[in-house]
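Report on one structure; see the data block that follows.
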Amino acid sequence: MERLKDYIAFDLEFTSFEEDSQIIQVSAVRFKQGQEVAHFDSFVNTDHAIPSFISGLTGITLDQIQAAPKIDTVMNEVKDFVGDLPLIGYNALKSDLPLLKANNLDLDAQYQIDVYEEARNRRDSYLAGSRGLSLQAVANYFKIKGRGHNSLNDARMTALVYEKLLELEENESYLQQANQELIENNPFANLSALFPVDK
(Lines give C-alpha, C1' and ligand atoms only; values in the text may rest on other atoms or scores of the structure.)
Protein backbone atom coordinates (compact mmCIF):
# COMPACT_ATOMS: atom_id res chain seq x y z
CA MET A 1 0.00 0.00 0.00
CA GLU A 2 1.34 3.37 -0.98
CA ARG A 3 2.30 5.76 1.82
CA LEU A 4 0.92 9.21 1.10
CA LYS A 5 2.82 11.85 3.05
CA ASP A 6 0.33 14.66 2.45
CA TYR A 7 -3.31 13.80 1.72
CA ILE A 8 -6.97 14.49 2.39
CA ALA A 9 -9.37 11.99 3.96
CA PHE A 10 -13.01 12.87 3.36
CA ASP A 11 -16.53 11.70 4.09
CA LEU A 12 -20.14 12.72 3.43
CA GLU A 13 -23.47 12.35 5.14
CA PHE A 14 -26.53 12.41 2.94
CA THR A 15 -30.25 11.83 2.93
CA SER A 16 -32.39 10.28 0.22
CA PHE A 17 -35.86 11.35 -0.87
CA GLU A 18 -37.38 8.84 -3.28
CA GLU A 19 -34.44 8.41 -5.71
CA ASP A 20 -32.84 11.79 -5.01
CA SER A 21 -29.86 11.79 -2.61
CA GLN A 22 -28.80 15.10 -1.14
CA ILE A 23 -25.63 15.85 0.82
CA ILE A 24 -26.22 17.21 4.32
CA GLN A 25 -22.64 17.25 5.68
CA VAL A 26 -19.21 17.33 4.06
CA SER A 27 -15.98 16.91 5.97
CA ALA A 28 -12.32 16.52 5.11
CA VAL A 29 -9.14 16.30 7.13
CA ARG A 30 -5.64 16.98 5.89
CA PHE A 31 -2.93 14.68 7.18
CA LYS A 32 0.76 15.46 6.73
CA GLN A 33 3.48 13.08 7.87
CA GLY A 34 0.88 11.03 9.74
CA GLN A 35 -0.64 13.94 11.70
CA GLU A 36 -3.78 16.01 11.19
CA VAL A 37 -2.86 19.57 10.26
CA ALA A 38 -6.21 21.02 9.11
CA HIS A 39 -9.84 20.14 8.65
CA PHE A 40 -12.96 21.28 6.81
CA ASP A 41 -16.49 20.63 8.03
CA SER A 42 -19.81 22.03 6.85
CA PHE A 43 -23.47 21.15 6.97
CA VAL A 44 -25.41 21.68 3.75
CA ASN A 45 -28.78 23.33 3.29
CA THR A 46 -31.08 21.01 1.33
CA ASP A 47 -34.54 21.31 -0.16
CA HIS A 48 -35.85 18.24 1.65
CA ALA A 49 -36.71 17.65 5.27
CA ILE A 50 -34.42 15.24 7.11
CA PRO A 51 -36.13 11.97 8.04
CA SER A 52 -36.12 11.31 11.77
CA PHE A 53 -34.04 8.14 11.38
CA ILE A 54 -31.33 10.08 9.50
CA SER A 55 -31.35 12.74 12.20
CA GLY A 56 -31.10 10.05 14.86
CA LEU A 57 -28.32 8.25 13.00
CA THR A 58 -26.18 11.30 12.26
CA GLY A 59 -27.15 13.67 15.06
CA ILE A 60 -27.75 16.36 12.41
CA THR A 61 -30.74 18.57 13.20
CA LEU A 62 -33.09 20.53 10.98
CA ASP A 63 -31.87 23.78 12.57
CA GLN A 64 -28.27 22.98 11.56
CA ILE A 65 -29.37 22.29 7.98
CA GLN A 66 -31.50 25.41 7.69
CA ALA A 67 -28.62 27.57 8.94
CA ALA A 68 -26.08 25.96 6.57
CA PRO A 69 -24.88 27.28 3.20
CA LYS A 70 -26.24 25.91 -0.07
CA ILE A 71 -24.54 23.04 -1.86
CA ASP A 72 -22.78 25.17 -4.53
CA THR A 73 -21.07 27.26 -1.85
CA VAL A 74 -19.98 24.17 0.08
CA MET A 75 -18.65 22.45 -3.05
CA ASN A 76 -16.51 25.49 -3.87
CA GLU A 77 -15.15 25.50 -0.32
CA VAL A 78 -14.36 21.79 -0.50
CA LYS A 79 -12.58 22.29 -3.82
CA ASP A 80 -10.44 25.07 -2.33
CA PHE A 81 -9.62 22.98 0.75
CA VAL A 82 -8.68 19.86 -1.21
CA GLY A 83 -6.64 21.65 -3.86
CA ASP A 84 -4.61 19.13 -5.83
CA LEU A 85 -3.83 16.81 -2.91
CA PRO A 86 -4.48 13.08 -3.18
CA LEU A 87 -7.66 11.79 -1.56
CA ILE A 88 -8.49 8.73 0.49
CA GLY A 89 -11.90 7.53 1.64
CA TYR A 90 -13.76 4.57 3.07
CA ASN A 91 -15.83 2.88 0.37
CA ALA A 92 -16.16 6.28 -1.28
CA LEU A 93 -16.40 4.81 -4.77
CA LYS A 94 -19.88 3.55 -3.92
CA SER A 95 -21.62 6.80 -3.03
CA ASP A 96 -19.40 9.68 -1.89
CA LEU A 97 -17.54 10.34 -5.13
CA PRO A 98 -20.65 9.92 -7.32
CA LEU A 99 -22.58 12.32 -5.07
CA LEU A 100 -19.82 14.91 -5.30
CA LYS A 101 -19.75 14.51 -9.07
CA ALA A 102 -23.53 14.91 -9.22
CA ASN A 103 -23.00 18.26 -7.50
CA ASN A 104 -20.37 19.44 -9.99
CA LEU A 105 -17.28 18.45 -8.00
CA ASP A 106 -15.39 15.71 -9.79
CA LEU A 107 -12.57 14.41 -7.58
CA ASP A 108 -12.25 10.95 -9.13
CA ALA A 109 -8.78 11.62 -10.55
CA GLN A 110 -7.45 12.59 -7.12
CA TYR A 111 -8.85 9.52 -5.36
CA GLN A 112 -5.81 7.39 -4.61
CA ILE A 113 -6.66 4.89 -1.88
CA ASP A 114 -9.90 3.27 -0.79
CA VAL A 115 -9.21 2.31 2.82
CA TYR A 116 -12.17 -0.08 2.84
CA GLU A 117 -10.62 -2.08 -0.01
CA GLU A 118 -7.25 -2.08 1.75
CA ALA A 119 -8.89 -3.32 4.96
CA ARG A 120 -10.81 -6.02 3.09
CA ASN A 121 -7.60 -7.24 1.44
CA ARG A 122 -5.99 -7.57 4.89
CA ARG A 123 -8.95 -9.03 6.76
CA ASP A 124 -7.34 -12.44 7.25
CA SER A 125 -4.06 -10.99 8.47
CA TYR A 126 -4.29 -7.63 10.23
CA LEU A 127 -8.03 -7.65 10.93
CA ALA A 128 -8.76 -11.26 11.85
CA GLY A 129 -10.36 -10.16 15.15
CA SER A 130 -12.45 -7.30 13.77
CA ARG A 131 -16.23 -7.52 14.04
CA GLY A 132 -16.84 -6.76 10.39
CA LEU A 133 -15.40 -4.26 7.95
CA SER A 134 -17.53 -1.20 8.62
CA LEU A 135 -15.44 1.86 9.38
CA GLN A 136 -16.65 1.88 12.96
CA ALA A 137 -15.83 -1.83 13.44
CA VAL A 138 -12.32 -1.45 12.06
CA ALA A 139 -11.72 1.73 14.07
CA ASN A 140 -12.92 -0.04 17.22
CA TYR A 141 -10.58 -2.94 16.50
CA PHE A 142 -7.65 -0.51 16.36
CA LYS A 143 -8.96 1.33 19.46
CA ILE A 144 -9.49 4.49 17.43
CA LYS A 145 -12.12 6.67 19.09
CA GLY A 146 -14.90 8.34 17.16
CA ARG A 147 -18.67 8.24 16.66
CA GLY A 148 -19.72 6.96 13.27
CA HIS A 149 -22.19 8.68 10.92
CA ASN A 150 -20.70 12.08 11.55
CA SER A 151 -18.66 12.90 8.49
CA LEU A 152 -15.90 14.75 10.37
CA ASN A 153 -15.43 11.84 12.76
CA ASP A 154 -15.59 9.39 9.87
CA ALA A 155 -12.99 11.31 7.86
CA ARG A 156 -10.65 11.31 10.86
CA MET A 157 -11.24 7.61 11.52
CA THR A 158 -10.55 6.85 7.85
CA ALA A 159 -7.18 8.61 8.04
CA LEU A 160 -6.26 6.94 11.34
CA VAL A 161 -7.21 3.47 10.07
CA TYR A 162 -5.08 4.11 6.97
CA GLU A 163 -2.15 5.17 9.16
CA LYS A 164 -2.58 2.06 11.33
CA LEU A 165 -2.64 -0.26 8.31
CA LEU A 166 0.50 1.42 7.01
CA GLU A 167 2.19 0.97 10.37
CA LEU A 168 1.36 -2.74 10.48
CA GLU A 169 2.50 -3.25 6.91
CA GLU A 170 5.77 -1.40 7.49
CA ASN A 171 6.42 -3.36 10.71
CA GLU A 172 5.84 -6.62 8.87
CA SER A 173 8.19 -5.55 6.08
CA TYR A 174 10.84 -4.56 8.63
CA LEU A 175 10.62 -7.94 10.39
CA GLN A 176 10.88 -9.81 7.10
CA GLN A 177 13.94 -7.78 6.14
CA ALA A 178 15.53 -8.30 9.56
CA ASN A 179 14.95 -12.05 9.37
CA GLN A 180 16.43 -12.19 5.88
CA GLU A 181 19.52 -10.27 7.00
CA LEU A 182 19.86 -12.60 9.99
CA ILE A 183 19.85 -15.62 7.69
CA GLU A 184 22.30 -14.05 5.24
CA ASN A 185 24.70 -13.03 8.03
CA ASN A 186 24.54 -16.36 9.83
CA PRO A 187 27.92 -18.12 9.28
CA PHE A 188 26.25 -21.48 9.90
CA ALA A 189 23.34 -20.98 7.53
CA ASN A 190 24.84 -23.04 4.70
CA LEU A 191 26.43 -25.80 6.78
CA SER A 192 23.36 -27.98 6.38
CA ALA A 193 24.53 -28.75 2.84
CA LEU A 194 27.62 -30.45 4.30
CA PHE A 195 25.56 -32.81 6.41
CA PRO A 196 22.93 -34.43 4.21
CA VAL A 197 20.11 -36.13 6.04
CA ASP A 198 19.48 -39.77 5.17
CA LYS A 199 15.94 -40.47 4.05
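Here are a few things to note about the model shown:
- With the convex hull of the Cα atoms taken as the outline of the chain, the averaged projected area works out to 16.1 nm².
- Dividing the helix sum by the residues of the chain, where each DSSP H run of 4 or more adds -39500 (n - 2.57), gives a mean residue ellipticity at 222 nm of -12000 deg cm²/dmol.
- Under Karplus coefficients 6.51, -1.76 and 1.60, residue-wise ³J(HN,Hα) of the stretch 86-96 in Hz, glycine/proline x: x, 10, 10, x, 10, 6, 6, 5, 6, 9, 4
- Take the chain with all the other protein chains still there, run a 1.4 Å probe, and you get 59 Å² of accessible area per residue.
- Placing +1 on the Cβ of every Lys and Arg and -1 on the Cβ of every Asp and Glu, with no other charges, gives the chain a dipole of roughly 600 debye about its Cα centre.
- Calculated log₁₀ intensity ratio I(q)/I(0) where the Debye formula runs over C-alpha points of the stretch 32-125, q = 0.11, 0.12, 0.23 Å⁻¹: -0.43, -0.51, -1.29
- Residues of the stretch 71-100 with amide N under 16 Å of a point placed 7 Å along Cα→Cβ from Met1: 87-93
- Highest mean first, the peptides 113-120, 40-47, 165-172 sorted by other C-beta atoms within 10 Å per residue fall in the order 113-120, 40-47, 165-172.
- Taking 7 Å steps out from each Cα toward its Cβ at Asp20 and Ser95 produces label points 1.8 nm apart.
- Estimated FRET transfer efficiency when R0 is 30 angstrom, pair Ala109-Ala137 (beta carbons, to 0.05): 0.50
- C-alpha long axis of helix 151-184 to longest principal axis of the chain, angle in °: 10
- Highest-MSF residue in the chain out of Lys164, Lys94, Lys79 [GNM, Cα springs under 10 Å]: Lys94
- In a reduced charge model with +1 at each Lys and Arg Cβ and -1 at each Asp and Glu Cβ, the stretch 1-40 shows a dipole moment near 500 debye about its Cα centre.
- Rounded to 5, the percent of DSSP beta bridges in the chain classed as antiparallel: 75
- Rounded to 0.05, the FRET efficiency of the Phe53 and Asp80 pair, given R0 = 35 Å and the Cβ-Cβ distance, is 0.60.
- Toward the positive end of the charge dipole of the stretch 61-135, with +1 on the Cβ of Lys and Arg and -1 on the Cβ of Asp and Glu, the farthest Cα among Tyr126, Ala68, Leu85 is that of Tyr126.
- Using the Karplus relation 6.51 cos²θ - 1.76 cosθ + 1.60 with θ = phi - 60°, the per-residue 3J(HN,Hα) values for the stretch 104-113 come to 6, 10, 9, 10, 4, 5, 8, 6, 9, 9 Hz, with x marking Gly and Pro.
- Ordering of 6-13, 67-74, 83-90 by burial proxy (mean other Cβ atoms within 10 Å per residue, highest first): 6-13, 83-90, 67-74
- Restricting attention to the chain, the count of lysine pairs at 8 or more positions apart or across chains with alpha carbons under 22 Å apart stands at 13.
- Its alpha carbons considered, the stretch 68-120 gives a radius of gyration followed by a Dmax of 11.7, 36 Å.
- Angle between the chain longest axis and helix 71-82 axis [Cα atoms, degrees, rounded to 10]: 30
The values are calculated or read from the model by the stated rules, or taken from the named source; none is laboratory data. Keep in mind that what you see is a predicted model, and the values were worked out from it rather than measured. Counting neighbours? That spans all protein chains shown, and the Cβs are built from the backbone with ideal geometry, glycine included. SASA here: full protein model, heavy atoms, side chains in, ligands and nucleic acids out. Shrake-Rupley method; radii C 1.70, N 1.55, O 1.52, S 1.80 Å.
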